[in-house]
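Below: one structure, written as structure tokens.
The values are calculated or read from the model by the stated rules, or taken from the named source; none is laboratory data. Because the structure is a prediction, the values reported are computed rather than measured. Because the Cβ atoms are built from the backbone with ideal geometry, glycine has one as well, and the counts that use them run over all protein chains shown. Only protein heavy atoms, including side chains, enter the accessible area calculation; ligands, DNA and RNA are left aside. Shrake-Rupley method; radii C 1.70, N 1.55, O 1.52, S 1.80 Å.
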Amino acid sequence: MSISVTGGVRPEKIIEIEQRLYQQLLVAKMKSGTMQDEIDMELEADANKLDIEREAIQARLAKQNQARAVFKAVSTQLSNRVNNAIEHHLAVPESVLAACGISAQQMLLLEMLQSQSLDLIRLRPVIAELDWLIRDLSNVLNSPSFRHQRQQRADVQVTDLKLVLNYIGIENLRILVPYFCLRHWLPSGNTHLLWTIRKLWRYSLATGIAAQALAKLHDGDEGLMYTCALLNQLGTSVVLSCSAGLYEKHWGEWLREAHKSKDKELYDAVMATPFPAKALLEQVQSQGQRLNWLLPSLLNFSDSRLTLMLKELDESPSYAGLSADAALIARASCYAKVLMLEEMRQITPQEKRLMFDYYQLSEQEVLRLKGQNYRRVELL
């Protein structure tokens with residue numbers, strides 16, 4: 001299988017393969033393996049219980065004609081209500097920005113981390129405004145894997161921000177801060193989307209690690225490429241987060257009303273109504289890439305190198321038209337897509353070759369990328 005113009009306007013087959021990945025991430029029922037340090041066991045148990053309960057209700061409804069008709073009517077109405085709410089909300093970027101948890105402080109922090117002359121004195125006041133980031137960085141420093149690197153009193157819990165930042169160091173902060181920012185933008189504590197969030201996080205992390213490896217191979221700016229690769233999933237994360245919040249709101253209201261009415265058929269119908277994953281996929285495909293750069297622009301970061309690169313990746317019709325930095329991100333994303341699809345057994349060797357040919361991944365790059373650990377970021 002071959003393509004006529006390497007790197008030219010994306011052929012339909014390339015588009016189909018890339019859309020297949022998002023189909024697997026957002027719609028497919030496949031569960032993701034456990035990722036380190038992001039989802040607790042209690043939430044996973046709750047998600048499994050909800051899946052089992054929903055499947056049991058659906059199986060029971062399938063055997064009862066009247067109940068099946070009630071389920072179809074209620075589920076359709078609830079899904080339409082949620083889909084309309086999601087569509088209207090995402091149509092106004094300012095409302096998305098207000099609801100998604102992205103702030104000017106976070107973007108300033110990501111921008112500052114790209115400076116080669118950065119020092120902790122300038123960095124600390126910005127981090128001090130983000131309580132969740134202080135908590136995450138403190139947890140890293142006090143984790144068993146990091147604690148043994150401290151030479152003295154390794155058993156003492158460090159909580160002072162100045163000490164936390166001094167121990168972690170600037171180079172590790174360039175890795176950890178974008179990592180925690182993206183994770184913060186994803187919905188948390190949501191049993192309905194547990195597996196979707198895990199799969200999206202796995203893909204995001206793989207893209208960031210691949211971009212960092214390619215930048216190192218070509219003597220590029222590793223921090224910039226890694227951060228931009230993670231931010232290339234900002235729009236998808238925000239669409240998922242907003243959609244999850246709206247679904248939880250409407251689904252919860254309907255469930256409470258059904259419980260008050262003591263109507264067993266109505267309650268079962270609402271309980272069995274799943275998250276509208278196909279509608280989410282459509283929103284990601286139409287809005288995700290645009291929100292990557294539009295949201296930072298609304299925070300007055302339109303001239304940021306990160307924002308400009310994300311906008312270029314969205315608006316360029318072909319790989320061949322990308323700048324060297326944006327092209328590197330595209331190659332990293334290509335490799336991560338193929339990696340994920342291979343793990344899911346959703347891509348053929350011919351399609352893999354087609355993807356690598358279109359994005360012009362060299363043999364040297366493929367060899368370097370094969371040698372990376374895509375399960376966790378490596379700290380210095």
Query raised in the report: In this structure, is LEU380 closer than 16 Å to LEU205 by Cβ and open to solvent by 20 Å² or more (accessible area, probe 1.4 Å)?
Result: no
**Report entry** Given (1) open to solvent by less than 20 Å² (accessible area, probe 1.4 Å); (2) over 18 Å from the mean Cα position of the chain (by Cα); (3) closer than 25 Å to ASN232 by Cβ, number of the condition SER333 does not satisfy
**Finding:** (2)
Query raised in the report: In this structure, does LEU224 turn out to be closer than 21 Å to GLN105 by Cα, touching a residue at least 60 places away in the same chain (Cβ under 8 Å) and buried (at least 23 other Cβ atoms within 10 Å of the Cβ)?
Result: no
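Every residue, every condition in (1) at pLDDT 95 or above; (2) more than 19 Å from ASN373 (Cα to Cα); (3) surrounded by 21 or more Cβ atoms within 10 Å (Cβ to Cβ), yes or no:
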position	(1), (2), (3)
THR159	no, yes, no
PRO187	no, yes, yes
TRP195	no, yes, no
TYR203	yes, no, yes
LEU217	yes, no, no
ASN232	yes, yes, yes
LEU240	no, yes, yes
**Report entry** Close pairs (6 angstrom Cβ cut-off, 6 or more residues apart or separate chains): modelled with pLDDT of 70 or more in region 54-65, assigned to a helix (DSSP H, G or I) anywhere
**Finding:** ILE57/ASP268; ILE57/MET271
Report summary line: Note on region 109-124: residues open to solvent by 60 Å² or more (accessible area, probe 1.4 Å) and in contact (Cβ under 8 Å) with a residue 60 or more places away in the chain are GLU111
Report summary line: Those residues of region 165-203 which are part of a loop (DSSP other than H, G, I, E, B) and among the aliphatic types (A, V, I, L, M) amount to LEU186
**Report entry** Test for HIS250: is it touching a Lys or Arg at 6+ places or on another chain (Cβ under 6 Å) and either touching a residue at least 60 places away in the same chain (Cβ under 8 Å) or open to solvent by less than 10 Å² (accessible area, probe 1.4 Å) (or both)
**Finding:** yes
**Report entry** Failed item, numbered, when ASN300 is tested on (1) at negative phi; (2) not in a helix (DSSP H, G or I)
**Finding:** (1)
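So which of THR273, THR307, THR236 ends up being among the β-branched types (Val, Ile, Thr) and outside any helix (DSSP H, G or I)?
Just one listed residue meets the conditions, THR273.
Can we say TRP132 is closer than 24 Å to GLY235 by Cβ, in contact (Cβ under 8 Å) with a residue 24 or more places away in the chain and surrounded by fewer than 19 Cβ atoms within 10 Å (Cβ to Cβ)?
Values: closer than 24 Å to GLY235 by Cβ: yes; in contact (Cβ under 8 Å) with a residue 24 or more places away in the chain: yes; surrounded by fewer than 19 Cβ atoms within 10 Å (Cβ to Cβ): yes.
Answer is yes for this residue.
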Requested in this report: Scan region 133-156 and give yes if some residue there is more than 23 Å from the chain's Cα centre (by Cα), of a type in the set (Val, Ile, Thr) and at pLDDT below 85, otherwise no.
Outcome: yes
Requested in this report: Give just the number: which of (1) closer than 26 Å to PHE180 by Cα; (2) loosely packed, with under 15 Cβ neighbours inside 10 Å does LYS264 not satisfy?
Outcome: (1)
Query raised in the report: Does region 289-302 contain at least one residue that is touching a Phe, Trp or Tyr at 6+ places or on another chain (Cβ under 8 Å) and either at pLDDT below 95 or hydrophobic (A, V, I, L, M, F, W, C) (or both)?
Result: no
Report task. Could you pull out the residue among ARG345, ARG353, ARG290 that is basic (Lys, Arg), on the phi > 0 side of the Ramachandran plot and surrounded by fewer than 20 Cβ atoms within 10 Å (Cβ to Cβ)? Result -> ARG345
Query raised in the report: Are there any pairs, at least 6 apart or on different chains, whose C-beta atoms fall under 9 Å, with the first in region 1-29 and modelled with pLDDT of 90 or more and assigned to a loop (DSSP other than H, G, I, E, B) and the second surrounded by 11 or more Cβ atoms within 10 Å (Cβ to Cβ) and among the basic types (Lys, Arg), and if so, which?
Result: VAL27/LYS278
